[in-house]
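Beneath this line is the structure, given in structure tokens, with notes to follow.
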Amino acid sequence: MTTIAVWLKVDGERVAHDLRAACERLHSADGEVVLDLSEVRRIDPGAVHAIDKLATRADEKAIKIVLRGVNVAVYKVLKLMKLAPRFTFVS
Amino acid sequence: MTDAVPRLSEERIAYLESLVSRARSAAAVFTQYTQEDVDRIAHAMVLAGLEKAEYLARLAIEETGIGVLEDKVLKNMVATEFVYHYAKDKRTVGVVREYPERGLVEVAEPIGVILSLTPITNPTSTVLFKCIMAIKTRNAVVFSPHPNAWKCCFEAVRVMHDAAVKAGAPEGVFTCLESHTLKDNCYLMRHKDVGLIDATGGPGVVRAAYSSGKPALGVGAGNTPVYIEKTADLDMAVVDILTSKTFDNGTICASEQTLVIDEQVYDAVLEKFAEMGAHLCNQEEAELLARCVIDPKTGSMQPAAIGRKATDIAGMAGFDVPPGTKLLIAPIQGVGRAHPLSVEKLFPVLAVYRARSADDALRVCVDVNHSGGLGHTAVVFSRNDRIIERFAEAMNAGRVIVNSPGAIGALGGVYNDMVPSFSFGCGTGGGNSTTDNVNLNHYLNIKRVARRTQAHMWFRIPNQIYFDFNAVEELRQLRSRSTVIVTNAALEQMGHTAVVRRCLPGNTQAHVCIIPDAEPEAAVILRGVETLKTSVADQIVALGGGSVIDAAKIMKLLYQSPQADLQELAAPFLDFRKRVAQFPTEKVQEARLVAISTTSGTGSEVTPFAVLYDKARGRKVTLADYSLTPDVAIVDPQFVMSMPKGLTADTGIDALTHALEAAVSIYASPYTDSNAMQAIAMVFKYLPIAYECPADQEARSMMHNAACIAAMAFSNASVGVNHALAHAFGARFGVAHGRANALMLPFVIRYNAGVPTKFMPSPNQRAYVAHKKYAEAADALRLGGRTSEEKVNRLVAATEQLLDRLHMPRSIAELGISVQDFEAAMPELVKAAYEDPSWKSNPRMPLLNELAELFWSAYHGRAAAGSAAPRELQTA
């Protein structure tokens, strides 16, 4: 059974900051990490960079990252940055 | 630049990748921005650009040594203020345009990362312009400036980037290469994350952009001819040309290059130029100039001369001119390599040619245009609109500037209402993808949201339809000086023609045109037209069955419009409303067509169709146009009381086929449905009676009406594959039309009621409903059944039972046609059926093999159809 190691709600106003924090918590995590992005309306280049880093770190630790509640505009950014395949998306 | 993938050091690649990566990230993030966001950012950038206009111009002059400071400032201001004025209210995010009447909405999609190459001649202004365009359209740009102008461009990009980011744009939205090589460009042009190359510069750069395999906007060199025609306002022309050609020392590629002046005003124009500060070179000076500023090997301008002052250039060439000389004008006798100064010169030197006539002038302008200026810009000064029009037709130029300066005119927004731009598309003539002034639209992918539209439908029938016994009396009300009655010999002998004659008004001259009792051939039609001409007919009364009425329709067409080409009018078409062949509307004569049907089947008295027999090719040709519809239809059953039984059955089944095909047609509408269903019910009820009791007046009358009502339905909904099959088979084997229809009908009902192999595109239908329509018909006949399938089966059975009752042949084999003959004819039958326009409105698109299968089903008859045994019918 999958263990949900981290469940983090990302603040729409501090996206990059919260993603970096999530990245830090991967050190001690295993199994599955769920990030709730339902309050995120838009991401900036800093957040894109943080997501990229998070995905890389998760790959290294074989941790599955689930992004929850991603709106279509943000999802499109992840597609354009070719980051989408590195995550699992749930509504 | 070569097409090969360049070899770059790892460090260099990392540097280039970092630029693209930043731009890509910014572009992705930028997709989330709203119109309000980008408008706010653009506004901030424009203010920053205006504030730094002089600073950036000074940097450009210092770095390139090209041009005039004041003019570069002006260009920077145009690139910001004018471009902003054009762009500020333009929608570039989300829905950008709507066409509600067409059901179309256009939605903007950014391109992503644009690689932008900028020129040495207009370095900072081009950067400012492209930054504003990119921001408005939510794109990121990697700038690659001309190597000798990279510092000023880098600074211009920084100014724009900082202003944009401060106003909320994503970091990295503009990046710029520092000093770089052609290899860098080559690498970037092939980068997978670059969506578009926007190359403004020389032909080499533009060619490289287009050969990269990426979508590109390459705009480049020009060679602008200027025609000063004898009617021109000469003072205005001289000042405009001086203003333009000296602007930034002639560095704008749209600037004037060769003056072509009508000889009547040649001396006067040059005198005015001299008065305004131009130097007119003598022959010796012109030769010195050509040797100095044109590379003898390439025939192109020397880069060292670009953007230099006229006085400097004269000095370089080795002759003196007065201080303050603005422009050097050198006479040439022609265009081409033998006349070096006839090429593009991005400095204040103009060639001038004395034209002996307007034709001579236009020829020389064409020569200049074709000497490196294709697609770019051409200028004409004239008060003669015809000359301006001829000039515009002759020039291959994206911009034909009239009575205004070429360079500033081409920029747009100052002297005219063209889009302000610093990139001039030169079309295919210049090897470019557009002739436009590059603008916001070129920086967007436009998505078209196309809602389903439905063309309006129609219901058209003759203006007047008179029916019931003695309806023919209505002829008395129709005034006519000369009437030709078109009929056949049998009807004449039966006395029907005499009835018609009696009903014509007393002062009408009546003529009778007897035609054979067969589908009309062209020769028959032409003889009829001669009769109409000799009798100067103003009314045609067609008295007969379908053949006679169809013949009369075509006679009327050729009588009124002798230019009509029947072969062309019979050309195949897919949609009645979009057909290529148009029936003539110009008429040399006017004649009313009154159709009196003597059979109860074709309904030709109300239809817009006419069938002609093509004797040479052994097949029927259908003409279709509402102009063929008779003006008056008379449905008088007195003319069908004596119809033989066989004809009653054949024509009655034809009427039934019309109604059933109209009911399931892709053009069916509530208007046609009501007619179709009514006709189906009437045929099932009255046809057997009319067949079995020919003297039954009610049955005869109702069948006559049913045929007409069915025809009203198919006149507007058309028929279907049954008719295509019947036309082909009937023509090939000489079988009466109604009988041919009957042979196909049960199989076609089953075929259409099944799930189609291919659906017929039909915007007016929202689902496949043929089986439901047949079920409706079954319900109208009270045949019972619960499901559509059951109802269709019962309709087929009822149809077969009706055919049996009418003693119709139930298979083609029954007609005595051997399998071998039928098989041999099959390719021809399928081809003819496929070429027949009737199936174009069938609900199911018949494939060629399906047509063959239907023919074979009809050949073998009911056994092959597997139809249910006839059962008792309970008709309405």
Distance cut-off 12 Å, percentage of C-alpha pairs in the range B:724-783 lying past it
73 percent
Env charge @ residue B:291, Cβ radius under 13 Å, K,R +1 / D,E -1, value -3
Using Cα atoms only, what is the angle between the long axis of helix B:697-717 and the major principal axis of chain B, expressed in degrees (0 to 90) to the nearest 10?
10 degrees
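Across the residues of A:69-77, average count of Cβ atoms on other protein chains within 10 Å?
Going residue by residue through A:69-77 and averaging, the value is 2.
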In percent, how large is the relative contact order of the range A:4-90, given Cα pairs closer than 8 Å and 6 or more residues apart?
32 percent
Sort B:505-514, B:334-343 by the packing proxy (mean of other Cβ within 10 Å over each peptide's residues), most packed first.
B:334-343, B:505-514
Around residue B:486 (Cβ within 15 Å, Cβ-to-Cβ, excluding residue B:486; K/R +1, D/E -1) the net charge comes to -3
Quick one: Debye curve from the C-alpha atoms of the range B:224-405, no solvent, what's log10 I(q)/I(0) at q = 0.16, 0.19, 0.20 Å⁻¹?
-0.87, -1.28, -1.43
Just add up the charged neighbours of residue B:88: K/R +1, D/E -1, any other residue whose Cβ is under 9 Å from the Cβ of residue B:88.
0
Using every pair of alpha-carbon atoms in the range B:644-876, split the distances into 10 Å bins beginning at 0 and state the percent of pairs per bin, rounded to integers.
9, 36, 39, 15, 1
When B:37, B:821 are arranged by how many other beta-carbons sit within 10 Å of their Cβ, fewest first, they go B:821, B:37
Once every Cα of the range B:20-219 carries one equal point scatterer and solvent is ignored, give the base-10 log of I(q)/I(0) from the Debye formula at q = 0.12, 0.18 Å⁻¹, two decimals.
-0.56, -1.22
Give me a single rounded figure for A:41-47: the average over its residues of other chain Cβ atoms within 10 Å of their Cβ.
5
Mean projected area, convex hull of alpha-carbon positions in the range B:99-167, reported to one decimal in nm², is 6.0 nm²
Expressed as a whole number, the average count of other chain Cβ atoms within 10 Å around the Cβ atoms of B:26-36 is 5
Expressed as a fraction of 2.2 N^0.38 Å, the rule-of-thumb size for a compact globular protein of N residues, what is the C-alpha radius of gyration of chain B?
1.36
In whole Hz, with x marking every Gly and Pro, tabulate ³J(HN,Hα) for the range B:587-594 from phi via Karplus 6.51 cos²θ - 1.76 cosθ + 1.60, θ = phi - 60°.
10, 9, 9, 10, 8, 7, 10, 10
Which of the residue pairs A:61/B:136; A:79/B:151; B:75/B:166; A:9/A:79 have a Cα-Cα distance greater than 32 Å in the structure shown?
A:61/B:136; A:79/B:151
For the range B:303-413, what is Rg from Cα atoms divided by 2.2 N^0.38 Å, rounded to two decimals?
1.15
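Express in % the proportion of alpha carbon pairs of the range B:461-639 at distances exceeding 28 Å.
That fraction is 17 percent.
Counting each DSSP H run of 4 or more residues in the protein assembly as shown as -39500 (n - 2.57), what helix-only mean residue ellipticity at 222 nm follows after dividing by all residues, to the nearest 500 deg cm²/dmol?
-14000 deg cm²/dmol
Semi-axes of the equivalent ellipsoid of the range B:650-739: what are they in whole Å, largest first, if each equals the square root of 5 times a C-alpha gyration tensor eigenvalue? Before the final figure, lay out the partial values.
Working: eigenvalues 90, 71, 12 Å².
Semi-axes from the Cα gyration tensor: 21, 19, 8 Å.
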Ratio Rg/Rh [Cα only; Rh per Kirkwood] for the range B:167-258:
1.16
Could you line up B:15, B:559 from fewest to most neighbouring Cβ atoms inside 10 Å?
B:15, B:559
Please go through the range A:1-62 and write out the GluC sites (Glu not before Pro) that DSSP classes as loop and that have at most 10 other C-beta atoms within 10 Å.
A:13
Can you tell which of B:168, B:396, B:361 lies farthest toward the positive end of the dipole of the protein assembly as shown, using +1 and -1 charges on the Cβ of basic and acidic side chains (Lys, Arg; Asp, Glu)?
B:168
Computed over all unlike Cα pairs, the Kirkwood hydrodynamic radius of the protein assembly as shown in Å stands at 34.8 Å
At a 10 Å Cβ-Cβ cut-off, how would you order B:418, B:276, B:703, fewest neighbours first?
B:276, B:418, B:703
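Counting DSSP beta bridges with both partners in chain B, what percentage is antiparallel, nearest 5? Kindly include the intermediate steps, with their values, before the conclusion.
On the way: 22 of 88 bridges.
Bridges in chain B that DSSP calls antiparallel: roughly 25 percent.
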Cα-projected label distance for residue B:357 with residue B:695, points at 7 Å along beta-carbon direction, nm:
9.1 nm
Among bridges DSSP assigns within the protein assembly as shown, what percent are antiparallel (round to 5)?
20 percent
Expected-Rg normalisation [2.2 N^0.38 Å, Cα atoms] applied to chain A
0.96
Evaluate the charge dipole of the range B:644-876 about its Cα centre and quote only its size in Debye, nearest 20, assuming +1 on the Cβ of each Lys and Arg and -1 on the Cβ of each Asp and Glu.
460 debye
Integer Hz, Karplus 6.51/-1.76/1.60 couplings in order for the range B:761-766, x for Gly and Pro:
x, 8, x, 7, 9, 9
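Values in this text are rule-based calculations from the coordinates and carry no lab data. Keep in mind that what you see is a predicted model, and the values were worked out from it rather than measured. Every residue, glycine as well, gets a Cβ built from its backbone with ideal geometry; the counts of neighbours run over all protein chains shown.
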